[in-house]
Amino acid sequence: MKLLIVAAGQGSRLREKGESKPLIELVGVPLIERVITNAVKGGINDIYVVTGYRGTKVRAFLDKLAERDSLSITHIVNEEWQRPNGLSVYAAKDYIDGDFVLTMCDHLVDPEIFRDLAAAEHEPGTVTLCVDYKIDNPIIDLDDVTRVKCTPGKIENIGKVIRDYNAFDTGIFYCTPAMFDALEQSAREGDESISGAMNVLGAQGRARTFDIGDKLWLDVDDPMAYGKAIVLVNDGKL
């Protein structure tokens, strides 16, 4: 199974921890290494990483990691990393054929989420988002998390500021090539984000959901989340 990791952004909210967000160490291990390790534990064997900001250092680290752990890691460069994250995903269009799993370099998740998602049935022409229905989850930052309004199995709306929601976006997707078409359409309509593409697919009835149940995940994107991540890692939960 192919995995695309978006690691192109500046990560300014974690700047106090390090200049390059993917390389910020969490309990002695860089964030992006933890993401890759969890994915490999979940059955992923073909990894693509989109880099941008301070990308030379990140790519050099990944080359060493690939050699050390005998991993297949393909580099993709997004020169327009300052723009929304959908452009980083779209940069992979000429590199990835067929279906792939998409995640972010700062999202720590239970490896079984990858395994269960890959094993599920997926309709051609759809994109599936792993969602967390535990909207009272105390480790999630309500001021930052992307919210999702779902009907059974489908997405109606997604965004950080929507008021009507019943789930959280975990940042893990099962993508068919339809993702690239949706990114193109969303960009033409003025939204270059991944959420914009998912709203395009939702309007077409092609955005699906996958319930992660009680499995853990955390978006490590600011000092408070970083502190939570230390506790979860030390407790062996992530």
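The values are calculated or read from the model by the stated rules, or taken from the named source; none is laboratory data. Everything numeric here is computed off the predicted structure, so don't read it as measured data. Virtual Cβ from ideal backbone geometry, glycine too; neighbours counted across all protein chains shown. Please note that ligands, DNA and RNA were not included when accessible areas were found on the heavy atoms of the full protein model with its side chains. Shrake-Rupley method; radii C 1.70, N 1.55, O 1.52, S 1.80 Å.
A few notes on this one:
- Qualifying residue in region 185-197 (condition: farther than 26 Å from Pro111 by Cβ, crowded, with 21+ Cβ neighbours inside 10 Å and more than 15 Å from the chain's Cα centre (by Cα)): yes
- Beta carbons closer than 6 Å, at least 6 apart along the sequence or on distinct chains, pair a first residue in region 54-81 that is open to solvent by less than 80 Å² (accessible area, probe 1.4 Å) with a second that is part of a helix (DSSP H, G or I) and among the basic types (Lys, Arg) for His75/Arg59.
- Considering only residues in region 212-225 that are of a type in the set (Asp, Glu) and assigned to a loop (DSSP other than H, G, I, E, B), the one that is most open to solvent (accessible area, probe 1.4 Å) turns out to be Asp214.
- Restricting attention to region 86-123 and to residues that are assigned to a helix (DSSP H, G or I) and among the hydrophobic types (A, V, I, L, M, F, W, C), the residue that is surrounded by the most Cβ atoms within 10 Å (Cβ to Cβ) turns out to be Val89.
- Pairs are defined by a Cβ separation below 7 Å, a sequence spacing of at least 6 or placement on different chains, a first member in region 162-183 that is outside any loop (DSSP other than H, G, I, E, B), and a second member that is among the small types (Gly, Ala, Ser); the pairs so defined are Ala178/Gly125; Met179/Ala197; Ala182/Ala197; Leu183/Gly86; Leu183/Ala197.
- Lys228 vs. criteria open to solvent by 50 Å² or more (accessible area, probe 1.4 Å), assigned to a loop (DSSP other than H, G, I, E, B) and either touching a strand residue (DSSP E or B) at 6+ places or on another chain (Cβ under 9 Å) or in contact (Cβ under 8 Å) with a residue 60 or more places away in the chain (or both): no
- Some residue of region 41-53 being open to solvent by 40 Å² or more (accessible area, probe 1.4 Å) and among the hydroxyl-bearing types (Ser, Thr, Tyr): no
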